[in-house]
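In what follows, a single structure is set out as structure tokens and then discussed.
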Amino acid sequence: MKKQLLPIAIFLAVTGTVKSQIAIGKPTVTNTSVSLEFADTENRGFILPYVETKTGITNNGTLIYDTTDYKVKYLKDTGTWTDLSVDNTGTASLSAQIGKTESATAKSVIGTDAATNTTPGILILSDDSKAMILPKVASPHLNILDPAPGMMAYDTVKRQLAVYNGKVWTFWKP
């Protein structure tokens, strides 16, 4: 049994010291300034967590799908949520969440301090010099056939952030 634990211990020690970068849907990250990068070969978006109460969320830059008014929002200044949906006709089925208890320890951290990071959240990108690249989709409003509420993608045609609130897409240009 001790012989089996040694390789696992070595693996955990090495992964705790390696700079973390994750590629989803592709073999490697192509940009060294990226913590999380998605393949641009499929018509899929990134779905934000459904949040029923924003109480206790204090980290600026947090992105959520707010189920109280069916809008995609981000925390701009502590306590100030900015609406990215604009349209107020969104909708989402919460049937998968009803009766479920959230695990306070369920989270993934991508970054150099992954082993020690205590920031609350489901997915934490902790590097201060890397970013996340959203899935790149040509005209997501036309090509993502069954978008989920809270979905985000980068529209490569309009060169804009595309946000889906459950009814309509909203587009944001820098």
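Values as computed for the structure displayed
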{"read-out": "Count of residues meeting criterion [surrounded by 14 or more Cβ atoms within 10 Å (Cβ to Cβ), over 22 Å from ASP83 (Cβ atoms), hydroxyl-bearing (Ser, Thr, Tyr) and within 19 Å of the chain's Cα centre (by Cα)] in segment 124-155", "value": "1"}
{"read-out": "Condition check for SER103: within 17 Å of THR53 (Cβ to Cβ) and modelled with pLDDT under 90", "value": "yes"}
{"read-out": "Of residues in segment 50-74 being among the hydrophobic types (A, V, I, L, M, F, W, C) and at pLDDT below 90, the one most open to solvent (accessible area, probe 1.4 Å)", "value": "ILE57"}
{"read-out": "Pair list, Cβ < 8 Å and 6+ apart or interchain, from segment 34-57 residues that are over 28 Å from THR91 (Cβ atoms) and in contact (Cβ under 8 Å) with a residue 24 or more places away in the chain to residues that are open to solvent by less than 20 Å² (accessible area, probe 1.4 Å) and not in a strand (DSSP E or B)", "value": "SER35/GLY111; ALA39/PRO135; ASP40/PRO135"}
{"read-out": "Strands (runs of 3 or more DSSP E) wholly inside segment 85-174 that include at least 3 residues being without any contact (Cβ under 8 Å) to a residue 40 or more places away in the chain", "value": "none"}
{"read-out": "Residues of segment 90-123 satisfying the condition of being within 17 Å of ALA23 (Cβ to Cβ) and either in contact with a Leu (Cβ under 9 Å, 6 or more places away or on another chain) or open to solvent by 90 Å² or more (accessible area, probe 1.4 Å) (or both)", "value": "SER108, VAL109, ILE110, GLY111, LEU123"}
{"read-out": "Some residue of segment 25-45 being of a type outside the set (Asp, Glu), on the phi > 0 side of the Ramachandran plot and either assigned to a loop (DSSP other than H, G, I, E, B) or modelled with pLDDT of 85 or more (or both)", "value": "yes"}
{"read-out": "Matching residues, segment 75-84, being surrounded by 16 or more Cβ atoms within 10 Å (Cβ to Cβ) and not in a loop (DSSP other than H, G, I, E, B)", "value": "LEU75, TRP81, ASP83"}
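The values are calculated or read from the model by the stated rules, or taken from the named source; none is laboratory data. On a predicted model such as this, the values are computed, not experimentally measured, just so you know. Virtual Cβ from ideal backbone geometry, glycine too; neighbours counted across all protein chains shown. Side chains are part of the model used for accessible areas, which takes the heavy atoms of the whole protein and leaves out ligands, DNA and RNA. Shrake-Rupley method; radii C 1.70, N 1.55, O 1.52, S 1.80 Å.
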